[in-house]
1. Identify the single condition in (1) farther than 24 Å from ALA405 by Cβ; (2) surrounded by fewer than 20 Cβ atoms within 10 Å (Cβ to Cβ); (3) in contact (Cβ under 8 Å) with a residue 24 or more places away in the chain that ASN268 does not satisfy, given that it satisfies every other one.
2. Here is a list: LEU323, LEU319, LEU380. Which entry is touching a residue at least 24 places away in the same chain (Cβ under 8 Å), over 17 Å from LEU409 (Cα atoms) and open to solvent by less than 40 Å² (accessible area, probe 1.4 Å)?
3. I need every pair where a residue in the stretch 350-373 that is closer than 16 Å to ASP389 by Cβ has its Cβ under 9 Å from the Cβ of a residue that is charged (D, E, K, R) and assigned to a loop (DSSP other than H, G, I, E, B), sequence separation at least 6 or different chains.
4. Write out, first by first residue and then by second, each pair whose Cβ atoms fall under 8 Å of each other, whose residues are 6+ apart or on separate chains, and whose first residue, in the stretch 402-417, is within 19 Å of ASP252 (Cα to Cα) while the second is of a type in the set (Asp, Glu) and in a helix (DSSP H, G or I).
5. Out of all the residues in the stretch 95-111, which are open to solvent by less than 60 Å² (accessible area, probe 1.4 Å) and among the acidic types (Asp, Glu)?
6. Which one of the conditions (1) in a helix (DSSP H, G or I); (2) open to solvent by less than 10 Å² (accessible area, probe 1.4 Å); (3) farther than 26 Å from LEU273 by Cα; (4) of a type in the set (A, V, I, L, M, F, W, C) does LEU428 fail to meet, given that it meets all the rest?
7. Just the residues that are crowded, with 23+ Cβ neighbours inside 10 Å and part of a helix (DSSP H, G or I), please, taken from the stretch 326-360.
8. Could you check the stretch 126-151 and list, in sequence order, the residues that are open to solvent by 40 Å² or more (accessible area, probe 1.4 Å) and at pLDDT 95 or above?
Amino acid sequence: MNRLIRKSMVLLAAAAMTASLAGCGSASANAAGSSTASSETASTQTSSAETTGASTEADASGSQDTIELTFWFANSDTVETYIGEATERFNSTVGAEKGIHVTAEYQGEYTDLHQKLQAAYIAGTAPQLTVLEIGAVGMFAEGGMIQSLDDRIEADGLDMSDFHDGLLYNCYIDDSFYALPFLRSTSILYMNTTLLEEAGVNPDDIETWDDVAEASEKVHEATGKYGISMPINYWFHEAFMLTWGGFTVNEDETQCTVDNDVDRTVINYFKDLRDRGLAHLYPYAEADKMSADLMNQDAAFFFQSTGGLSQMLSIADELGFGLQTAFIPKGTQYGVTTGGCNIAMLSGLSEEQQNAAWEYIKFMTSIDETVEASIVTGYLATRKSAVEDDKMVEWYEQYPQYKVALDQLEIASGRPNNPGYVEFQAELTDAMAEIMVNDADVDTTLAELEAKGNELLNE
């Protein structure tokens, strides 16, 4: 077995201990009280083992000319709805014209998909196309499981500058593109405006962490509710550190940087609010508590992916409370990391399959599909020209909550590409929960976390 593949499997197994919240729609679905995809979804799809590898079997109609491809995706609800509809559009247009048929298969959350993809690749039953949570692209590229798209980008003259700059970092490894931005996000601040206004707080005035703390106190005094409800998670923590001028790793991703004053500022801020009864904090394994707090209107502020915005707005409308979005609050500066997934092509495909897979990638990242994906799910409009599309402009005017993440993208950073970071982010989530929920010693825990991070980043 390829050493990098074997190492990647170890990292993904460890990462599975922490749910991949970074931009995933399903986490937002949980927060909105939505159900995940049923087992019936998987059972109605063609088995990936039957349609992968070098297979060019006949389609259901018996035609020997149709190239059958399988596309694996993560997260359910609005994501599943969009991908099903978009794949149908591809099959009935470009696919019908060029003799390509794509079967889209739901694989759970990102960690579930990543683990299944590893096993399927080794068994020779991997799909031809997949999404990857953006922080895992480097690991799959270095493991040789996905292939460079450079030649195809160049041959087609695909204008990569039309993708927002803040979304490209996690698409290329060693100066080569291995994926294209797909369902991309940032974490944003969600505000129950009904609770805030009841407490005499103007939601438009919330800009800084001090504003959030002051508003939380007013909400608690006026209603007895929490200011903040939040599961402890690495993606949020990356953003929080950025807002106070730091980050979890150094610029070249070779050194862990969590044992410092910036991290202590983040920790002390949330622990103080918790101790004063203003913040409901809990391990990410108990993220369903956020769903309860949202639906019961037991908190005014939530941190979540923009990928769950459509679901969150639907729930707010159904339950009769106002919902507004805003940048992650400012400490010494604004800051946030991007999230969500990129779309990639597996390695080891025949030339015919590669050509067909590239047609699907181009279609799913086209301007029209970018607009549809953003409207249906709440994920970012990944292409600059899509933002200027009349349909998108009208949508932003009607629902300004969707534009917040796009505006925030101007100050957003990519997530670390170092393969060792995949395991470190699970360690980070666990350590922060130990400190902020279970009152573990800050100095000891941060020292141990940084040492572990340095070891993982440099393996």
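The values are calculated or read from the model by the stated rules, or taken from the named source; none is laboratory data. On a predicted model such as this, the values are computed, not experimentally measured, just so you know. Neighbour counts are summed over all protein chains in view; Cβ atoms, including those assigned to glycine, are modelled from backbone coordinates with ideal geometry. Quick note on the areas: whole protein, heavy atoms, side chains included, nothing else; ligands and nucleic acids left out. Shrake-Rupley method; radii C 1.70, N 1.55, O 1.52, S 1.80 Å.
1. (3)
2. Answer to the selection: LEU323.
3. From residues that are closer than 16 Å to ASP389 by Cβ, the pairs are ILE367/ASP389; ASP368/ASP389; THR370/ASP389; VAL371/ASP389.
4. Here the result reads ARG415/GLU238, each pair linking the stretch 402-417 to a residue that is of a type in the set (Asp, Glu) and in a helix (DSSP H, G or I).
5. GLU105, GLU109
6. Looking at each condition in turn, LEU428 falls short on (3).
7. GLN353, ALA356, ALA357, TYR360
8. Residues satisfying the conditions are SER148, ASP150, ASP151.
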